[in-house]
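Notes follow the structure.
Please treat every number below as a calculation from the coordinates, not as lab data. What you see is a predicted model; the values in this text were computed from it and never measured. Note that each Cβ is placed from the backbone with ideal geometry, even for glycine, and that neighbours are counted across all protein chains shown.
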Amino acid sequence: MDTITLNVPTLPCVGLAAAAGLLACKLIAPRRRADETERGPLPAWLDELEDDESYERVRLPEWDNGTEWRRKNGFKGSDYVHDACAAVHVPRYYLRGVSGGVGSKLVGAAHFGPGAESHRGLCHGGTMCSLMDDVVGWTGFCATGVCKPWSGFTVQINTALKKPVDVGSWLRIEGEIVKIDGRKVSVKARLLDVDGDVHCEAEGLVVLKKKS
Ligand SMILES: CCCCCCCCCCCCCCCC(=O)SCCNC(=O)CCNC(=O)[C@H](O)C(C)(C)COP(=O)(O)OP(=O)(O)OC[C@H]1O[C@@H](n2cnc3c(N)ncnc32)[C@H](O)[C@@H]1OP(=O)(O)O
């Protein structure tokens, strides 16, 4: 009869090795982009913005290489809207208005992923509000005509929800500076589909930092 020798200390070792392996995978392997493949291609009209000489793509290391940049700069997590895994995600913004001030405009595409769902196939209103917050803030950061990240604070976002958004939609998001009063930058923003239907609009206020 065969005898089975059970090497008792082996079991915790195997467990430990497995745990270490898992940890290594988490640390070494690239982060899984949860709904990246479900987002599909970027909307075609972004190409038109790319070709439009009055707009310039806003390129920031914290968007292009977010995880590493944030870790190096003392941030604690991932960007609520610009991270590829975000429930509602803005992959790019384009800025019109190199001279700055009133009329400066930021345009981008926003994707509503499965994580943005509220009632059956429709997105949570808070995802629209989050987008309005984002575009108001970033438009305010462009008040000088150049994008200066984190050069102020969004202090108000008054959002009107006008039309539900389907999960999986790509919509156009716009923010425009309508008034500047000292450090206070007033921004109007809206979210619209390819037919021009407005899904939400907002009026927001950004207070620029004292030295920006
Ligand atoms: C300047 C501090 C430096 C701190 C150094 C930090 C270094 C690190 C920076 C990182 C930068 C991060 C940028 C995050 C960008 C987001 O993500 S914003 C996140 C969400 N927003 C927030 O958390 C904002 C919370 N609010 C606050 O922290 C404070 O209200 C603020 C904005 C810092 C106040 O700034 P303040 O310089 O003390 O301005 P304050 O004198 O109170 O107001 C200036 C003017 O704005 C008006 N105002 C202010 N709040 C409102 C409001 N809610 N509604 C209407 N009007 C308003 C005031 O009435 C005033 O008007 P005037 O009297 O000039 O006509």
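Some points to look at:
- FRET efficiency, LEU122 to THR144 (Cβ-Cβ, R0 45 Å, nearest 0.05): 0.70
- FRET efficiency, ALA160 to VAL102 (Cβ-Cβ, R0 22 Å, nearest 0.05): 0.50
- Residues with amide H under 5 Å from that of TYR94, placed H, sequence gap 5 or more: VAL58, VAL107, GLY108
- Residue pairs, from the table LYS162/LYS211; LYS105/LYS209; LYS72/LYS188; LYS188/LYS210; LYS76/LYS105, whose Cα atoms sit over 27 Å apart: LYS162/LYS211; LYS72/LYS188; LYS76/LYS105
- The H on the amide N of VAL165, modeled in the peptide plane, is under 5 Å from the matching H of CYS123, each at least 5 residues off or on a different chain.
- With the alpha-carbon atoms of the stretch 38-208 aligned to their principal axes, the span from lowest to highest coordinate is 45, 37, 33 Å, starting with the largest.
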